1. Would you mind stating whether K213 is over 12 Å from A164 (Cα atoms) and either open to solvent by 40 Å² or more (accessible area, probe 1.4 Å) or not aliphatic (A, V, I, L, M) (or both)?
2. Quick check, is L120 open to solvent by less than 60 Å² (accessible area, probe 1.4 Å) and at pLDDT below 95?
3. Do we have Y196 as surrounded by fewer than 21 Cβ atoms within 10 Å (Cβ to Cβ), hydroxyl-bearing (S, T, Y), in contact with a helix residue (DSSP H, G or I) (Cβ under 9 Å, 6 or more places away or on another chain) and modelled with pLDDT of 85 or more here?
4. Would you confirm, using the coordinates I've provided, whether D74 is in contact with a helix residue (DSSP H, G or I) (Cβ under 8 Å, 6 or more places away or on another chain), touching a residue at least 40 places away in the same chain (Cβ under 8 Å), surrounded by 15 or more Cβ atoms within 10 Å (Cβ to Cβ) and within 21 Å of I34 (Cα to Cα)?
5. Pairs only if they're at least six apart or on different chains, beta carbon under 9 angstrom, first in segment 267-288 and closer than 16 Å to V317 by Cβ, second in a loop (DSSP other than H, G, I, E, B) and open to solvent by 100 Å² or more (accessible area, probe 1.4 Å); list them, first residue then second.
6. Could you please tell me which pairs satisfy a Cβ distance under 8 Å, a separation of 6+ or placement on different chains, a first residue in segment 220-240 that is under 18 Å from S325 (Cα atoms), and a second residue that is assigned to a helix (DSSP H, G or I) and open to solvent by 40 Å² or more (accessible area, probe 1.4 Å)?
7. Checking S247 against (1) closer than 19 Å to T322 by Cβ; (2) surrounded by fewer than 22 Cβ atoms within 10 Å (Cβ to Cβ); (3) in contact (Cβ under 8 Å) with a residue 12 or more places away in the chain: exactly one of these is not met. Which one?
8. For residues in segment 199-216 being modelled with pLDDT under 85 and polar (S, T, N, Q), which is farthest from H125 (Cα to Cα)?
Amino acid sequence: MTAFKTNVTTAKTMTAKLEEVLLDYEGAQIVLLISAKRLILGVAIEDFKGLETPFFCCAVKDKSFEKYINGRADLHYVFRTAFRKKYFFADLKNLNSEINLIKASNEDLLNENYWPDIGLFSRCHTSDYGIDGEISTTQTYHIDGTWGANDFATFNNKIADLYAICDVVTPVNDDNFDEQLIQSISSHNFSSGGSYLGFYNGLKKSSNQLRIKELRYASPGIIALSGNQAALEEVADVLSRFMDDYSSVQETYKKLFKILKSDNLLSAEPNERFSSEDSEELAFKYGRELYKAMGFENSDWLHKHCNKNTLIYCKIVRSIFTRASRIWDYKLEGRLQEVEFE
């Protein structure tokens, strides 16, 4: 303990004040501080030299923060592009008091355990800080059992992906959405996981914002999401189709997967062709059936926005299934209970 006191008093320190708790579950997890008009982002860590409630923080570039808050960059990116490479540690045991910022050493920065995980976006926030626009409805997921940080991140990312595609395909007469969907599809080749990630991230930029309104980890707990009512209802409908007849939906998926695999098209570029016209027609048939089985009614509309490329169409439909299926896994495990609307 004596060594820690000596370290703190000799280190160069700054002070900051709390601006907002951006993510709160069982206590603050991501915070926004202000120090001499400079924004500071902090993420909760397990331990640092005796601090009671330790946070790893960085001075934030304005452009990086704008990208982060608008969902165009994750928290890891913000930390890696810190303003003048300024990093700190802080004890946030009292959020209402002045906070001392302890400058991080070069050795400290080598510890990857301090850095925020890749893929943590602002949509995970439980605060609406910096978000414009009105939220139309709230959808609450009742959860039970053990939920770790990775479980929460996976669930949130898959729900956000599913919400984004539902939000884009629901208003089928909106020309603006048409252009955005075409752009997102044409910008990716769907030949690798990174391409799908880019596709869904593109949809999130054009869709209505999805936000975490409330999060309670205690068993039983809740995950309350706020967003566009039509899109959230579509998400609930997709999951209800899984609940009503998952084996039938899964069987259709397997038929589509089998064709794509036999024609070596699972990782193929958009211009690759099926082995025969019959094979392509059968893939399109199963793709349409799977799309409709998940509750979507505008399969021809989506096919048109894929420039009538059957391979791309089938791959997008498959990707919707895999995301909904991962959410469904939580239901099968007993950790996801009912879903309700306010």
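1. Taking the combined requirement at face value, the residue satisfies it.
2. Spelling it out, L120 is indeed open to solvent by less than 60 Å² (accessible area, probe 1.4 Å) and at pLDDT below 95.
3. Yes: the conditions hold for Y196.
4. yes
5. As it stands, the answer is P270/N307; E280/R273, since those pairs meet every condition given.
6. Every condition considered, the pairs that remain are L239/K331.
7. With respect to (1) closer than 19 Å to T322 by Cβ; (2) surrounded by fewer than 22 Cβ atoms within 10 Å (Cβ to Cβ); (3) in contact (Cβ under 8 Å) with a residue 12 or more places away in the chain, S247 is out only on (3).
8. Step by step, filter segment 199-216, then rank; the result is S206.
The values are calculated or read from the model by the stated rules, or taken from the named source; none is laboratory data. In this text the structure is predicted, and so the values were computed from the model without any measurement. Reconstructed Cβ throughout: ideal geometry from the backbone, glycine too, with neighbour counts over all protein chains shown. Ligands, DNA and RNA are excluded from the accessible area calculation, which covers all protein heavy atoms including side chains. Shrake-Rupley method; radii C 1.70, N 1.55, O 1.52, S 1.80 Å.
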